[in-house]
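**Q** Attaching a single structure in structure tokens format; questions to follow.
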Amino acid sequence: MSPRQSFLAIGLIVAAAMLAAMLGLLVGAKTLSAETALRVLLAPDGKLESVLVWTLRLPRSLAAAAGGAGLAVSGYLLQTLTRNPLADPGITGVTSGAVAPIVCCFVYLPWLSPAYYPFIGLAGGVLAASVTFCVSRGGQGRPLQLALGGVSVSLFLSAITTYVLLLTGPQSASLLFWLAGGFQGRSWSHVLYMLPWTIAGVAGALLLRRVIGMFMLSDHAAAGMGLQLGLWKPLVLILAVIPVAGVAPVAGPVAFVGLAAPHIARLLKPRGTGWEIGLSASLGALIVTVADVFARSIAIPRELPVGIITAMLGGPIFIYLVQRGRLSLAGETR
Amino acid sequence: MSAPASTSAGSASLGMAVALGVFAILSLAAAVFLGVADIPVADVAAVLTGGGSAEARLIIFDIRLPRIATGILAGIHFSLAGYLLQTITRNPLADPSLMGVSQGATLSVTIFLLLTVYIFKPGSNTLAELPVAWLPAAGLAGGLLAGGVIYLLAFRLGLSALRITLCGVAVGAVLHAVAIGLIAGWGSARIEIILEWLSGSLYARSWDHALFLLPFTIAGLTMLPVIYRPLMLLQFDAAVARSFGLGYRRQFSIVLIVSCALAASAVGAVGPIVFVGLIVPHLARFLAGRNFRLSLALTIVLGAVVVALGDLIGRLLGHAEEIPIGVVTAVFGVPLLLALLRKTM
């Protein structure tokens with residue numbers, strides 16, 4: 001796709017995400033008519049419908065969109081960094097690395113302000129990813145090695161998380177819902193809390209697009225072009241964890257979005273790393289917004305966690321990728 | 001598969017067998033004699049020979065022994081399942097918890113628990129009041145289903161170890177997400193029961209659990225002589241195996257079913273105890289060298305010992321809030337797995 005087409009595509013995807021978010025304003029435990037929703041959206045009047053739209057459904061849709069965009073960019077960066085098409089914050093252990101210490105802080109250090117959670121998540125995510133990468137030789141070993149390394153790191157962390165939950169007793173119900181990944185009851189404060197991290201991740205990726213583009217070459221070629229791998233590899237890894245650190249305290253682990261969005265973006269064949277990042281981010285936002293609307297409307301009056309929906313969508317994509325032998329980044333063949 | 005220099009048969013393996021036997025007996029004895037309740041050694045001995053106080057008898061016969069028995073059986077199930085999976089997929093990293101079998105069983109047990117709590121016994125809040133006897137069967141259904149998915153993928157993917165494992169990982173992740181979601185959405189007051197089981201625990205396991213695992217153990221072990229020869233050939237790739245006159249697809253399926261049945265029934269009884277199926281076969285092969293028969297036998301013995309010993313460690317370390325065996329095996333298993341990953345690939 002030419003840059004103009006890419007721009008158009010991003011616009012269309014964002015529009016679709018907004019449409020989904022609008023649809024999300026209508027559905028839920030109480031269904032609103034489009035007319036009512038639009039009326040209270042433009043002129044909030046403090047009545048039930050208005051509160052429903054402004055304090056419950058709108059921030060929630062925004063949180064979903066921002067979270068999706070962040071996860072997608074994180075997945076894009078991890079896939080590029082490792083030249084491994086199966087990389088994603090979930091598979092590489094980044095998500096559980098962020099989630100496990102947050103659970104521990106929530107349980108053992110209840111006085112700690114949640115404002116610190118993203119930093120704790122960042123540290124945990126970077127640490128877990130580092131372990132995974134060390135095991136798989138900088139992530140550039142075989143795809144299997146990275147995936148299995150990450151999965152075992154995740155299994156390890158989730159065993160500990162389950163144990164901590166087990167000891168918490170009554171609180172475990174709410175923690176568990178958070179662990180399933182979702183946006184139920186997320187408010188404006190959550191959106192504001194998450195936004196800086198998402199923006200930092202997306203903007204950082206766009207700013208560093210030239211460097212990131214070079215990672216797609218082999219290490220030799222990148223070094224030959226003057227890229228200091230020893231400096232940029234850890235930096236890009238941290239950049240990849242930043243949006244996850246923002247999403248994890250708010251929504252818990254939302255699986256497979258970081259895997260699927262960049263692949264769909266690459267299928268559209270945009271020209272240039274910047275466009276790929278933009279397309280991934282907007283697709284991620286669209287996927288999670290749609291998944292969130294589904295999660296609210298499938299089992300009214302109950303809610304399903306978004307994590308289930310994205311896992312059920314993303315799992316088959318993962319299997320498809322493996323089946324088709326797309327074990328290298330799109331465009332290359334092995 | 002990494003096979004170290006082969007141990008010559010005869011005296012060396014006999015010595016090792018004796019050493020291991022002593023180790024096994026010592027660990028199992030430790031599991032009986034040690035525990036959170038401090039019972040003097042003499043009293044335990046008295047209980048075992050038919051005497052002892054009523055309280056000591058209760059602790060030994062109704063608490064420690066049944067959980068050790070359940071642990072032994074579950075350990076055999078997991079390690080044997082891992083051994084079989086590793087052999088047929090020719091993948092040193094195969095394990096019920098990495099290939100989605102455990103997660104399949106977990107999901108079906110979760111559904112079963114939620115259904116029973118909601119439909120049959122709305123009031124009950126403890127595991128004891130639930131029809132635990134049916135849990136292994138429930139686990140079996142889900143584990144076999146996950147095994148079926150692996151089977152279908154395996155043949156579509158031409159039995160490539162890499163791809164089968166990756167698909168197993170994905171299937172496992174999806175099933176796990178669904179299970180957690182169901183618990184979060186519908187678990188309400190029963191979350192703690194399900195969590196306790198989900199972390200892989202031998203806590204409060206009774207003779208019933210051991211008794212319900214036993215038929216599966218016996219069935220699995222009696223299948224061993226039947227699948228022994230095909231198993232040896234399944235180590236090689238399909239062409240080699242076929243040249244020995246093996247019905248590759250059929251034998252692959254049989255071994256897969258046995259393996260899934262073992263893992264899934266154990267998950268039903270004690271929850272997913274991760275990494276036992278991965279680590280124990282490696283340990284066994286390391287000790288047995290190229291001796292296939294010996295490594296199979298060691299897998300069975302060591303599986304039992306590892307779980308019983310791991311449970312003892314969890315009981316002693318956690319004290320009143322004991323650490324579930326699943327956490328213990330994860331903590332010990334992951335460093336080993338990561339080391340293996342570096343070494344084997």
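The values are calculated or read from the model by the stated rules, or taken from the named source; none is laboratory data. Not measured: the values here are computed from a predicted model. Cβ atoms come from the backbone with ideal geometry, glycine included; neighbour counts cover every protein chain shown. Surface accessibility is based on the protein's heavy atoms, side chains included, excluding ligands, DNA and RNA. Shrake-Rupley method; radii C 1.70, N 1.55, O 1.52, S 1.80 Å.
**Q** Looking at B:95, B:43, B:38, which is the one that is farther than 23 Å from residue B:306 by Cβ and either touching a residue at least 60 places away in the same chain (Cβ under 8 Å) or outside any helix (DSSP H, G or I) (or both)?
**A** Checking each option against the conditions leaves just B:38.
**Q** Return the residues of segment A:90-102 that are open to solvent by 10 Å² or more (accessible area, probe 1.4 Å), at pLDDT 90 or above and within 14 Å of residue A:254 (Cβ to Cβ); say none if nothing qualifies.
**A** A:95, A:96
Every residue, every condition in (1) within 22 Å of residue A:312 (Cα to Cα); (2) open to solvent by less than 30 Å² (accessible area, probe 1.4 Å); (3) outside any helix (DSSP H, G or I), yes or no:
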site	(1), (2), (3)
A:104	no, no, no
A:115	no, no, no
A:124	no, yes, no
A:132	no, yes, no
A:150	yes, yes, no
A:163	no, no, no
A:169	no, yes, no
A:173	no, no, no
A:178	yes, yes, no
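**Q** What number goes with the only condition from (1) assigned to a helix (DSSP H, G or I); (2) out of contact with any Asp or Glu (no Cβ under 6 Å at 6 or more places or on another chain); (3) modelled with pLDDT of 85 or more that residue B:278 does not pass?
**A** Condition (2) is where residue B:278 drops out.
**Q** Residue A:232 - would you say it is modelled with pLDDT of 90 or more and more than 14 Å from chain B (Cβ to nearest Cβ)? Reasoning before the result, please.
**A** Numbers: modelled with pLDDT of 90 or more: no; more than 14 Å from chain B (Cβ to nearest Cβ): yes.
Spelling it out, it is not the case that residue A:232 is modelled with pLDDT of 90 or more and more than 14 Å from chain B (Cβ to nearest Cβ).
**Q** Next question, about the same structure. Take residue A:247 and decide whether it is under 18 Å from residue A:86 (Cα atoms), among the aliphatic types (A, V, I, L, M) and open to solvent by less than 30 Å² (accessible area, probe 1.4 Å).
**A** No.
**Q** Moving on to the next point. Can you pull out every residue in segment B:203-246 that is open to solvent by less than 40 Å² (accessible area, probe 1.4 Å), in contact (Cβ under 8 Å) with a residue 12 or more places away in the chain and more than 30 Å from residue B:314 (Cβ to Cβ)?
**A** B:227, B:230, B:231, B:233, B:234, B:238, B:246
**Q** Let me ask something else about it. Taking the stated definitions as given, is residue A:156 touching a residue at least 24 places away in the same chain (Cβ under 8 Å) and of a type in the set (Phe, Trp, Tyr)?
**A** no
**Q** What number of residues within segment A:1-28 satisfy the criterion of being surrounded by fewer than 18 Cβ atoms within 10 Å (Cβ to Cβ) and not in a helix (DSSP H, G or I)?
**A** Residues meeting the conditions: 3.
**Q** Which residues, counting only those in segment A:144-162, are within 7 Å of chain B (Cβ to nearest Cβ), of a type in the set (Ser, Thr, Tyr) and farther than 18 Å from residue B:165 by Cβ?
**A** Matches in segment A:144-162: A:162 only.
**Q** Next question, about the same structure. For residue A:256, state whether it is open to solvent by 50 Å² or more (accessible area, probe 1.4 Å), within 14 Å of another protein chain (Cβ to nearest Cβ) and hydrophobic (A, V, I, L, M, F, W, C).
**A** no
**Q** Would you check if residue A:306 is within 14 Å of chain B (Cβ to nearest Cβ), buried (at least 18 other Cβ atoms within 10 Å of the Cβ), under 30 Å from residue A:101 (Cβ atoms) and at pLDDT 85 or above?
**A** So residue A:306 fits the description; yes.
**Q** Same structure, new question: Kindly evaluate residue B:317 against the criterion of being free of Cβ contacts under 8 Å to residues at least 60 places away in the same chain, more than 14 Å from chain A (Cβ to nearest Cβ), open to solvent by 20 Å² or more (accessible area, probe 1.4 Å) and closer than 23 Å to residue A:155 by Cα.
**A** Here the answer is no, as residue B:317 does not meet what is asked.
**Q** Shifting gears a bit: Touching a Lys or Arg at 6+ places or on another chain (Cβ under 6 Å), in contact (Cβ under 8 Å) with a residue 24 or more places away in the chain and open to solvent by 10 Å² or more (accessible area, probe 1.4 Å), is that true of residue A:83? Step through it out loud before you land on a result.
**A** Details: touching a Lys or Arg at 6+ places or on another chain (Cβ under 6 Å): no; in contact (Cβ under 8 Å) with a residue 24 or more places away in the chain: yes; open to solvent by 10 Å² or more (accessible area, probe 1.4 Å): yes.
Judged against the criteria, residue A:83 is not a match.
**Q** As an exercise: evaluate residue B:341 against (1) within 14 Å of another protein chain (Cβ to nearest Cβ); (2) within 19 Å of residue B:68 (Cβ to Cβ); (3) among the aliphatic types (A, V, I, L, M) and give the number of the one condition it does not meet.
**A** So residue B:341 meets the others, but not (2).
**Q** Give me the pairs: first residue in segment A:48-76 and open to solvent by 30 Å² or more (accessible area, probe 1.4 Å), second residue modelled with pLDDT of 85 or more, beta-carbon distance under 8 Å, and six or more apart or on different chains, which are they?
**A** A:55/A:188; A:58/A:21; A:62/A:21; A:62/A:191
**Q** Residues in segment A:260-282: is at least one without any contact (Cβ under 8 Å) to a residue 40 or more places away in the chain and either touching a Gly at 6+ places or on another chain (Cβ under 9 Å) or open to solvent by 10 Å² or more (accessible area, probe 1.4 Å) (or both)? Talk me through it step by step, then tell me what you get.
**A** So in segment A:260-282, the residues without any contact (Cβ under 8 Å) to a residue 40 or more places away in the chain come out as A:264.
Narrowing further to those that are either touching a Gly at 6+ places or on another chain (Cβ under 9 Å) or open to solvent by 10 Å² or more (accessible area, probe 1.4 Å) (or both): A:264.
Among the residues of segment A:260-282, at least one is without any contact (Cβ under 8 Å) to a residue 40 or more places away in the chain and either touching a Gly at 6+ places or on another chain (Cβ under 9 Å) or open to solvent by 10 Å² or more (accessible area, probe 1.4 Å) (or both), which makes the answer yes.
**Q** Just one of the numbered conditions (1) at pLDDT 85 or above; (2) in a loop (DSSP other than H, G, I, E, B) is not true of residue A:31; which one?
**A** Single failed check for residue A:31: (1).
**Q** Then there's this: Would you check which residues across segment B:284-295 are among the aliphatic types (A, V, I, L, M) and either open to solvent by 10 Å² or more (accessible area, probe 1.4 Å) or not in a helix (DSSP H, G or I) (or both) and list them?
**A** Result: B:287, B:294.
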